[in-house]
Structure formats: C-alpha cells, structure tokens
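Chemist: Once you've had a glance at the structure underneath, I'll fire off some questions.
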Amino acid sequence: MNTQPLILPERRAICALGDELISQIAAGEVVERPASVVRELLDNALDAGASQITVRLTAGGVRQIVVEDDGMGILPGELALALQRHATSKIASLAELERVSSLGFRGEALAAIHSIAECALVSRAAGQEHAYRLDASSGEVRLAARGQGTTVEVNELFFSTPARRKFLKTDATELAHCMEAVRRQALARPQVGFSLWADGKLVEQWRRCEAPMHGAAALEQRLADVLGSDFVEHSLALDYRANAAQRQADGTPQIHIWGRVGVPELARARADLQFAYVNGRFVRDKVLAHAARSAFDDVLHGQRQPVYALFVELDPARLDVNVHPTKIEVRFRDSSAVHQALRNAVQDTLAESRAGNAPATPVAGSPMVVSERSSTGAAWWPQNRLDFAARSDHCLSDVAALWQAQPITDGAAPPGAAVSADEPLGQALAQLAGIYILAENAQGLIVVDMHAAHERIVYERLKTQFAGSGAGPARLPSQPLLLPLTFAASASEIACAQTQTDALALLGLDISAFSAHTLAVRAVPSALARGDIVGLARAVLAELSEHATSSVIELAHNDLLSTMACHGAVRANRQLTLMEMNALLRQMEATERADQCNHGRPTWHSISVKELDGWFMRGR
Ligand code: ADP
Ligand code: MG
C-alpha cells in the first residue's frame, strides 16, 4: 500500500518551451552517446556521396569527434541552415518522404548535436573556390582551407548537460561503441574508404573497392577487412529474390536479399555479429532477426546466435523509415512476406551447403572456431542430424589429453573385475558413439553421458573453489599458460577485457589486449586448463559485458560458473581409455549432485539385468 501523503502539485501556467530547450530535449532522442554522433555524421557524409571518410576520436569521442569527407559539400550560405532544426536538403514533400532513399531526411541531427556540444562545420562545396568555416557557437563564418567536402567537428559532448555526461561509460567502452558504428556503415558501403583514428593513432583503415568490383565480391573484400578473413572463409554467399509470383509490374522482384551467413560453427553466445540492412540502412529489426535465427533452428542449439551480414532491398514505398528518431528501426508494410523471404533465403543457403557445396577450407585452428570434427579432416559440416558429432551442446573442441593430468589410477580396474559395493556406478566396459560410457554394476548396465557428467564435476569443483574457506569468495586458482593464446576479438570484447580485469582475476583469468584486434589469454582457472580456452574467454567476456552492472559474485551464483564449466568439460567423440572412464565414474560418485548436469538433464541411467531379461523373455 502506498503510505505517501498525497501532495497536490501547485498549478503552473502552460507555456511554450524555448528553442534551445526544445532542441536539448529532442537531442535526447537522437544522441545517446558519442557513437550516435558518429553514426549521424557518417550518414551525412554518405548522403553527400563521399568516397573517402575519416573519423577522428579523442577520449572515446567524448572530448572530440571529427568526421571528414570528400562529398559534395555545403554552400557557404547554407552552413548556418544546416544546423537549424527541421532544415534538410533531402526531402521537400510528403511524396519524397514516402520514397526516401537517403540515410537522413529529418533535418535534426546537426541541430541536436549542436545543442549539446560545441561544433564547427568546415565545407567546400563542389565547384567552389574556397572552403568556409562556421563556428556554431558564435555563428561566425570565415575562409578556411580544404579540398572539396565537409568536416564536422564536435567537441565536449554533453558539456551543457552534465547530468547526461554522467551516463557515459569509460572512454574504452565509448570508443568500442563508436568503432561499432563505423563498422556497421562500412559493411554497407564497400565503395567508400574509411579510416578511423583514436587519440592520434590510426586504428582502422578499410580501402575502398574500386569499380569494377561490386556486389558480392566487394562485400567479401569489405567483410574480410572489417570482420576478418575467417568470417568470409566460413560463411556462405546468399543471393535470393522473392518468387516470381510477387514480381512487380516492371519485372523487378519485390524483395532482394543478399549477403553472407556464417556456418553454424561460427555461432556465438551473443548476437554481436549480426548485421542487417534494409535499403542500405543498418537496422535492428525483430522481424529480420527472428527470421534469420529461425532459419538456424535445426542446426543451432539453445541460445547460440548466428553471424551474418544481410542486405534486404525492397521498394522504398513498401517501407516506413520514419518510425524511430535515429532511424535504426523500420516498419515493413508486408512484414510476413519479408520474414518468409529472409528465412527461406538463409535456409536454402544452409541446405545447399549441406548438400556438398561447403567452403573448401576446414575451420580447424581458426581463432573463431575450434572444431574437433574439422581437425580430423572429416566433413566440417554435419551431413545429417543423426550424426553424433552434430549433437547439441557438445560444442566440440580439441581437448586432447584432457584428463591425463588427473589421477586415473584410483578406481581403475580391468574390465570384468569384480564389482565393488562402494562403487555404485560400477566398472566401465566401453564407450558408445563417442558420447556414452557403458559400465556394469551389481544391478546391471549403467549408461553415462560423459560430457554432462564431467561438466557437473567441473562445475562443482569451481563452486567449491570460488566459495573459498568461508571468509568471502576466493579467487579461482589460476594457471598461467606457457604461451599466451591469442584470438581475434571484437572491439567490445577488448573493451570488456580492459575494464573488467579485476572480475576476470577473481575468475582466475588473465585476458588482455594483444593488438588492436586481438586478445591474449595468459592464465586460466586451473580446473579448466585443458578445456576450450578461447570458447571460455569469449563466453566469460560475453557474460561480463551483458551484465556489466552485476558483481562477479552475483554472476557466479547464477550461470557464470556453469557456463565456464561447459567449456572445461570433455567433448563428444574424444576416445577415452577404460582407465579414464573409470576415473570419471569414481569422480562422479565423489561429487555432489552428480546425477544431473548443470542444465538439469540426467547424467546417467541404469538398466537392470531384470529389465534386460524382460526384453529377451528370459525366465518366463
Ligand atoms: P538530414 O541529414 O536529416 O538532412 P542533418 O541535420 O543531419 O539532417 O543535416 C542537415 C543538412 O546539412 C543536410 O540535409 C545536408 O544538406 C547538410 N549536410 C550535413 N552534413 C553534410 C555533409 N557531410 N556534406 C554535405 N552536406 C551536409
Ligand atoms: Mg543527417
């Protein structure tokens, strides 16, 4: 019940807000952080037909953002107008709004940015002899020097609205968001060159794809530059036009979908490598995301997220882009047709590759994927779903010699040895299908899911170690790696590693930047030292950044240790010796809650001799 006394607010007169306050309020919708500014300025440069764009950031863009382009420029007489609200060169009527093909059209971005930061515009329009600089705060325009194009300078973001400045994260995190904004635009425009500077250092440079390279080939080059050659090697090209029945009068298909989708092995814990574009505009759209994920339903388990760069092109009249202030959301007039087209496009592509048109290179050793199947040289992609290696959560990794370090002598006995009464899970007989251990006890046959069982054992060990001796949580015992293990990482993974060193240390992990695109793992929890280390590092970074506000202790109490255990447990298809199998059975007996894996599935089953007798109608 609400016990607060009811206080009637004093009535105040209604009055129109001043222009500056209106702009500042409106700016809240457009500019959330430096990355939003970067995005708007890139939109403008692209709309101006730029072929080369340079982005310079200082302190993650909080101190300064500069975007330079070689586009058509702004006439000196229009410089001041560009900063006004609702002033745009891109549309002039409702009819134009309904068919808009430029990225901008609201005439709001520069005005919004101007209201919350100190800005300057320098521009030399095509055909003009001089460049002019407009200082936005003083309104002064003077001659300047530069070639054709525009430079927008944005200084001290949120200087006038300190409350909003407080919501910004560390410079490294803001930089990661800015880089992501550049990445999104760059993928859609291979014909435009991009350079990105941070605090005076060149951090990214993507050359423009010159004609005649275009379409799929240009995208391939840009994807390789931006996301790495692994993405291209382990993804499938897609080019799909919605069926002929839906063709428009002029013969062009209504929906054209093209791009690349990663093979299922590239799937990630987070949806951070999903790039979807509608008519060249990066969007976050539930219809598209759902359609793409559902195409993977048969081949991806649980929450795994596919990776892709997909471009949907359709008649602009069948699309409403004016539904979100930053235009990151769109509305389709015909969303079920779009959903179906995208789902079919992705499903067909995956199915074709299964039929044998897989990329030639195996995924082995790639920093993005480590797959046991591929390292054996066998088909890298499950041929059909009965294939055991394709099963489920067995995310397959090279864990050769996983158990050698563990005591394997205790409990080991030759097959057929007398079954001891204090060994309820009995003696191992054999391994079945690379997944199950068959054992014999006094009652009959025991079948153990080796990954599930080992995962539980590792999880319980992590929990005990983390709980420490009672005086608060302990650091997980950590083991340095002889050679650091490096892997290609996204900007946000790198930012997370840099900001969460303490949390990582508590978890027994040492992960630090190795280069602008690479992280190095230097130490891992000893309980997981022989597991899938890169998978472990990625999963932990994903959880830490997703739950940035929770403490490690909270996370550990929830799913984090369980996720970690999954990466340390033995995978399917690893051949175990009888001694190793027996060692596992003995560890299970010694582990609390060993009957169930961390996800609540049983780890073992028994079939009594009596049941077996029943099957064969013995003793009737
Ligand atoms: P919008 O992009 O929605 O039109 P903006 O506030 O982003 O609104 O920009 C206002 C206008 O300023 C644009 O319509 C365009 O004419 C001009 N402009 C902004 N940036 C550039 C640029 N980099 N090159 C050329 N013109 C630009
Ligand atoms: Mg704009």
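The values are calculated or read from the model by the stated rules, or taken from the named source; none is laboratory data. Here the structure is a predicted model, which is why all the values come from computation and not from measurement. Glycine gets a Cβ as well: all are built from the backbone with ideal geometry, and neighbour counts include every protein chain shown. Side chains are part of the model used for accessible areas, which takes the heavy atoms of the whole protein and leaves out ligands, DNA and RNA. Shrake-Rupley method; radii C 1.70, N 1.55, O 1.52, S 1.80 Å.
Chemist: Run the dipole for the chain about the Cα centre, Lys and Arg Cβ at +1, Asp and Glu Cβ at -1, nothing else charged, and hand back the magnitude in debye, nearest 20.
Modeler: Roughly 360 debye, rounded to the nearest 20.
Chemist: Tell me, what ³J(HN,Hα) does each residue in segment 12-21 have, in order and in whole Hz, if you take phi through Karplus 6.51 cos²θ - 1.76 cosθ + 1.60 with θ = phi - 60° and put x for Gly and Pro?
Modeler: Going residue by residue, I get 10, 5, 7, 9, 5, 6, x, 4, 5, 5 Hz, with x marking Gly and Pro.
Chemist: Further, regarding this structure: Quick query: amide H of Thr486 versus all other amide H atoms, modeled in the peptide plane; which residues come in under 5 Å with a sequence gap of 5 or more or a different chain?
Modeler: Answer set, sorted by chain and number: Val521.
Chemist: Once neighbouring chains are kept in place and the probe is 1.4 Å, which whole percent of the accessible area of the chain is contributed by carbon and sulfur?
Modeler: Looking at the chain in its full context, I get 53 percent from C and S.
Chemist: Of Phe466, Val100, Ala224, which is farthest along the charge dipole of the chain in the positive direction, counting Lys and Arg as +1 and Asp and Glu as -1 at C-beta?
Modeler: Result: Val100, furthest along the dipole toward the positive end.
Chemist: Using a 10 Å cut-off on Cβ atoms, rank the peptides 266-273, 114-121 from the highest mean neighbour count down.
Modeler: Top to bottom by mean Cβ count within 10 Å: 114-121, 266-273.
Chemist: Hey, can you grab everything whose amide H is under 5 Å from the amide H of Val203? Only 5+ residues off in sequence or another chain; H modelled, so Pro and N-termini drop out.
Modeler: Answer set, sorted by chain and number: Leu196, Trp197, Ala198.
Chemist: Here is a follow-up. When each pair of different Cα atoms in segment 442-507 is counted once in the 1/r mean, what is the Kirkwood radius in angstroms, to one decimal? Please list the in-between numbers first.
Modeler: Numbers: mean 1/r = 0.0648 Å⁻¹.
Taking the inverse mean of 1/r over all distinct Cα pairs, segment 442-507 comes out at 15.4 Å.
Chemist: A further question on this structure: Can you sort Met564, Met179 by solvent-accessible area, 1.4 Å probe, largest first?
Modeler: Met179, Met564
Chemist: Kindly state, as a whole number, the per residue volume in cubic angstrom of the convex hull around the alpha carbon atoms of segment 487-595. Present the calculation step by step, with values, prior to reporting the outcome.
Modeler: Values: hull volume 13.0 nm³, N = 109.
Spelled out: Cα convex hull of segment 487-595, divided by residues, is 120 Å³.
Chemist: Dividing the alpha-carbon Rg of segment 423-580 by 2.2 N^0.38 Å yields what?
Modeler: Compared with the compact-globule rule of thumb, segment 423-580 sits at 1.18.
Chemist: Moving to a separate point now. Taking 1 over the mean of 1/r across every pair of different Cα atoms in segment 158-225, what Kirkwood radius in Å do you get?
Modeler: It works out to 13.8 Å.
Chemist: Same structure, new question: Per-residue accessible area for Phe616 at 1.4 Å probe radius, Å² rounded to 10?
Modeler: Number for this one is 140 Å².
Chemist: Something else: Per residue Cα convex hull volume for segment 1-108, in cubic angstrom?
Modeler: 223
Chemist: In whole Hz and in residue order, list the ³J(HN,Hα) couplings for segment 196-207 that follow from phi through the Karplus curve 6.51 cos²θ - 1.76 cosθ + 1.60, θ = phi - 60°; x for Gly and Pro.
Modeler: 10, 10, 10, 6, x, 10, 6, 10, 9, 8, 10, 6
Chemist: Right, something else. Name the long-range amide H neighbours of Gln596: under 5 Å, sequence gap of 5 or more, or other chain; modelled H, no Pro or chain starts.
Modeler: Sorted by chain and number, the residues that satisfy this are Thr603.
Chemist: Under 1.5 on a/c is rounded, so check that first for segment 56-156, then, if it is not, pick prolate when a/b is larger than b/c and oblate when it is not; a ≥ b ≥ c are the square roots of the alpha carbon gyration tensor eigenvalues.
Modeler: On the way: a/c = 1.69, a/b = 1.24, b/c = 1.36.
Oblate is the answer for segment 56-156, as a/c is 1.5 or above yet b/c matches or exceeds a/b.
Chemist: Can you check how the C-alpha radius of gyration of segment 84-215 compares to 2.2 N^0.38 Å, as a plain ratio?
Modeler: Taking N as the residue count of segment 84-215, the ratio is 1.24.
Chemist: Related question: How large, in Å, is segment 152-281 by the Kirkwood hydrodynamic radius built from its alpha-carbon pairs?
Modeler: 17.6
Chemist: Cα-Cα pairs above 50 Å in the chain: how many percent? Mind showing how you got there, number by number?
Modeler: On the way: 45549 of 191890 pairs.
Within the chain, distances greater than 50 Å cover 24 percent of Cα pairs.
Chemist: Still on this structure: Dipole size in debye (nearest 20) for segment 271-340 around its Cα centre, Lys and Arg Cβ +1, Asp and Glu Cβ -1?
Modeler: 180
Chemist: From the phi angles alone, apply the Karplus equation (6.51, -1.76, 1.60; θ = phi - 60°) to segment 293-309 and give each ³J(HN,Hα) in whole Hz, x where the residue is Gly or Pro.
Modeler: Per residue, the Karplus-derived 3J(HN,Hα) values read 5, 5, 5, 9, 3, 6, 10, 10, 9, x, 8, 4, 10, x, 10, 6, 10 Hz.
Chemist: Quote the relative contact order of the chain in percent (integer), defining contacts as alpha-carbon pairs under 8 Å separated by 6+ residues. Can you show the working numbers first?
Modeler: Working: 1141 pairs, mean separation 62.6, N = 620.
It comes to 10 percent, rounded to a whole number.
Chemist: Determine the order of Met588, Met213 by accessible area, beginning with the largest, at a probe radius of 1.4 Å.
Modeler: In descending accessible area the options line up as Met213, Met588.
Chemist: Cβ under 11 Å from Pro316's Cβ, Pro316 left aside: what net charge do those residues give with Lys, Arg +1 and Asp, Glu -1?
Modeler: -1
Chemist: How much net charge surrounds Gln347 when only the other residues with a Cβ under 10 Å from the Cβ of Gln347 are counted, with Lys and Arg +1 and Asp and Glu -1?
Modeler: Details: positive: Arg343; negative: Asp297, Asp298, Asp348, Glu352.
Every neighbour counted, the sum reads -3.
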